[in-house]
Amino acid sequence: MTLDCIFCRIATGDIPAQIVGRSDHAVAFRDLSPQAPTHILVIPIRHLASAAEATGPAGGELLGEVMALGVEVAATLGLAESGYRFVMNTGREGGQTVHHLHLHVLGGRQMRWPPG
């Protein structure tokens with residue numbers, strides 16, 4: 001955990017959030033600035049600055065945990081049939097603004113391609 005990381009503080013409960021799912025290794029909560037009718041963030045409890053740090057077998061397992069919780073939350077929120085999008089931004093040019101690995105789960109509207 002990094003004390004100056006807002007997502008670490010959400011994961012530990014120091015900062016309140018609308019939690020919609022939790023596993024042993026990840027937490028899912030509603031985004032405060034939603035870009036779709038349903039916009040959930042899924043974060044690992046352990047601090048990693050970005051997906052670029054999720055290397056080797058342990059990194060793969062952690063990414064799998066984050067994505068599995070994303071799939072579970074999407075189903076729970078009724079997005080499984082109509083569809084949803086996963087987005088994981090990495091680095092400045094990738095659009096990452098919070099430097100704690102996180103997965104966006106977006107749904108509830110038609111997504112467009114290319115995304116941006």
Packing-ranked peptide list from 34-44, 68-78, highest mean Cβ count within 10 angstrom first, is 34-44, 68-78
Using alpha carbon centers only, the range 19-46 is separated from the range 68-116 by a whole-angstrom value of 10
What number comes out for the charge environment of H25, summing +1 per Lys or Arg and -1 per Asp or Glu over other residues with Cβ under 12 Å away?
-> -1
5 angstrom amide H check on A49, placed H, neighbours 5+ away | L101
Across the range 83-93, in residue order, what do the Karplus-derived ³J(HN,Hα) couplings come to in whole Hz, using 6.51 cos²θ - 1.76 cosθ + 1.60 with θ = phi - 60° and x for Gly and Pro?
-> x, 7, 10, 9, 9, 10, 7, 9, x, 4, 6
Segment H25-Q110, extension gain: residue separation times 0.36 nm, minus the distance between their alpha carbons | 27.6 nm
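Computed from the coordinates by the stated procedures, all read-outs in this text should not be read as laboratory data. Worth saying up front: this structure is predicted, and the values here are computed from it rather than measured. Methodologically, a virtual Cβ is constructed for each residue, glycine included, from the backbone with ideal geometry; neighbour enumeration extends over all protein chains shown.
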